[in-house]
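Below is one structure, written out as structure tokens; the observations come after it.
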Amino acid sequence: SELGLGMTFGIVAGYFGRWVDAIVMRLVDILLSIPALPLLVLIATLFTPGTIALAVIIGAVFWPGDARLIRGEVMALRGREYIEAAKVVGVPSWRIITRHLVPNVTPIMLVQASLAIPGAI
């Protein structure tokens, strides 16, 4: 859930830019300003979450860092010639995102996910 949420928000913010980027990145800034460990301890104290609920909570707490990473990569890819050519030809934004951006940022997310799992590397 963390990877999907972070990738979605990062791609949307990086691709569309302007006010969409400003709103998403302010939300990310707010969420990154909250210390994660005390928040997780508080949630674990107030509730006794099961395995799935704990995974959802961790995903909800840690997605902003992934969103910021993906946004930066998408902003770099947005200026590439093949993206500009697709825009000029009239390819819809959703098609550019699914056919060009997602495949190019997926390896970054896989490395990020493997670094988050202890003992994965």
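The values are calculated or read from the model by the stated rules, or taken from the named source; none is laboratory data. Note that the structure is predicted; figures quoted are calculated from it, not measured. Cβ placement follows ideal geometry from the backbone for every residue including glycine, while neighbour counts extend to all protein chains displayed. What goes into the accessible areas is simple: the full protein's heavy atoms, side chains included, and nothing from ligands, DNA or RNA. Shrake-Rupley method; radii C 1.70, N 1.55, O 1.52, S 1.80 Å.
Some points to look at:
- Listed conditions (1) under 14 Å from the mean Cα position of the chain (by Cα); (2) open to solvent by 80 Å² or more (accessible area, probe 1.4 Å) are all met by TRP63, apart from (2).
- Unique match (being open to solvent by less than 70 Å² (accessible area, probe 1.4 Å), closer than 22 Å to GLY10 by Cβ, part of a helix (DSSP H, G or I) and among the hydrophobic types (A, V, I, L, M, F, W, C)) among VAL102, VAL56: VAL102
- Residue match in the stretch 78-91 (condition: under 18 Å from the mean Cα position of the chain (by Cα) and either β-branched (Val, Ile, Thr) or buried (at least 17 other Cβ atoms within 10 Å of the Cβ) (or both)): yes
- Contacts under 8 angstrom Cβ, first residue in the stretch 18-46 being assigned to a helix (DSSP H, G or I), partner open to solvent by 90 Å² or more (accessible area, probe 1.4 Å), 6 or more apart: MET25/ARG68; VAL28/ARG68; LEU32/ARG68
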